[in-house]
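A short worksheet on the structure shown next.
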Amino acid sequence: MFFITNNYKGFRGIGVIFSLRLSVLVGFFLVLSGCQTLQKVDRGLYQVAESVSERDRVTGRRSLSMADRRAQIQQGNAYVEKIIAQEKQKNRPINAGVNRAQYQRLVRVFDRIHRISHLKKERWQPLLIKRDSFNAFTTGGTYIVVHSKLMFDLKDDAELAAVIGHEIAHTVANHVYERQSHAQISALAGSNSARRSGYQAAFTHESEREADRIGILYTALAGYDPLAASRIWQRKYASEGNARALFHHDHPVNAERYKEAQAAGKAVLPYYRKGQINPRSAELLDNNVLWRKNNNEVAAGEGGGVAALLSTALGAYVQHQEAKGEELRQRQQASFVKSVESVLKVESTRKAGTHRLETRWRYAANGPVLKDVVIGLYLKRNGKIERYVDHVKGYIKPGQVFAARFEFPSHLKVDDLKKYGARLYLDDAQAAR
Ligand SMILES: [Zn+2]
């Protein structure tokens, strides 16, 4: 999903080189020995590897996958077709019925992204449904489902292209089934960490980063401004902070996503020709500034079976370590925010206008100097959570008093805050170095 970076690239690289070297060695040995039995064994091993994994369309690495593409499409599409049936049953419009102009816009932008994507040979279609939430998702089949509110909230076609690119990328990189297979195999192996929700969230988190990067390349190749994705996240960070109300997040927090999307967008900027599909798009999918596909796989019977199995195991292991590392990082940041929150005291709150609230805080600690402090306020109105944030400018030293101000929209008066059970909280903070 579109809601909720890139130091792991090197680590993966090592795994690939290691498995490649090993496979070359094994292959060499098998060919030299010319042993029929060994070749047969290797072919058998290759088939085993094929049945539990597939070659990643983006990196060429092997990743766990127990379902073949046809089964994936069937399962993924069945889910979406159920949504379509439900919408009809409840007399809710879909596609052009929701809004003709917005649906045409969706189809137009979708077509251009799909045409340069890794899955251009599959017949895909977008589905527009009427929902009051900012979201889009894929289920591993050949649909992309878009909520109507998203169409209205995005500023331009480039931003819509970024969302669509991200969603197609989830299926391209096989995230839906990778996670499913990973969970199945971890469960078989009796892994404890795989059962933790924090680990699951971290696993998803890494997939989100990958989908962001692939999606940003797509936007550039299709002729849409590749910096559009970073603008979406910049806006979200400004309006809702990092939304660290949850302990674990399965999507990177807004600030990180903004910075990483900006870096990736700048990197692929040379591929972008406004409004035009890059004529080299097919070759750039395999080899670009963000990744390089490994196209060499040793043939089955010549050591390819051993290599494929090793590569599958290594890939799964690296992913496992990445997810564990990310889980730890999230836990550390969450406990840091909690510890800061415990020494932040609200000194006063003051109504500064019908829709304006001013709060004063004291940082009563011997702790580190803080930066990027985001103070949040949330409440429940008509059964829905609403969140407001203020980004406190500059550094905050221990003992310092500072202000956080909230400007509410017309539907929310300061006098009604109590009625909606409003609560102040610390959304995020970093230790200044
Ligand atoms: Zn996503």
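The values are calculated or read from the model by the stated rules, or taken from the named source; none is laboratory data. Quick caveat, the model's predicted, so the values are computed rather than measured. Don't worry about glycine lacking a Cβ; one is built from the backbone with ideal geometry, like all the others, and counts go over all protein chains shown. For the accessible areas, the whole protein counts, side chains as well, though only heavy atoms, and no ligand, DNA or RNA atoms are used. Shrake-Rupley method; radii C 1.70, N 1.55, O 1.52, S 1.80 Å.
Averaged per residue, what accessible area in Å² does segment 343-431 show with a 1.4 Å probe, protein chains only?
On the way: 4960 Å² over 89 residues.
For segment 343-431, the solvent-accessible area averages 56 Å² per residue.
Name the aspartates and glutamates eligible as straight-distance cross-link partners of residue 121: C-alpha to C-alpha under 17 Å, and not fewer than 8 places from it in the same chain.
Partners found: 56, 68, 111, 167, 283, 286.
State which entries of 338/380; 90/418; 149/338; 384/419; 393/419 exceed 25 angstrom in Cα-Cα distance in the structure shown.
Violating the 25 Å Cα-Cα cut-off are 90/418; 149/338; 393/419.
Which aspartates and glutamates does residue 371 reach when only Cα atoms under 18 Å apart count, and residues fewer than 8 places away in its own chain are ignored?
240, 256, 341, 390, 427, 428
Enumerate the lysines that residue 274 could reach by cross-link, defined here as Cα to Cα under 18 Å, with residues fewer than 8 away along the same chain left out.
Within reach: 155, 266.
May I ask you to order 229-240, 116-127 by the average number of other C-beta atoms within 10 Å around their residues, highest value first? Show your work: numbers first, answer last.
On the way: 229-240: 19.8, 116-127: 16.2.
In decreasing order of mean packing, 229-240, 116-127 become 229-240, 116-127.
For segment 341-432, give the percent of accessible area contributed by carbon and sulfur heavy atoms, probe 1.4 Å, rounded to a whole number.
About 46 percent, which is the carbon plus sulfur part of the accessible surface.
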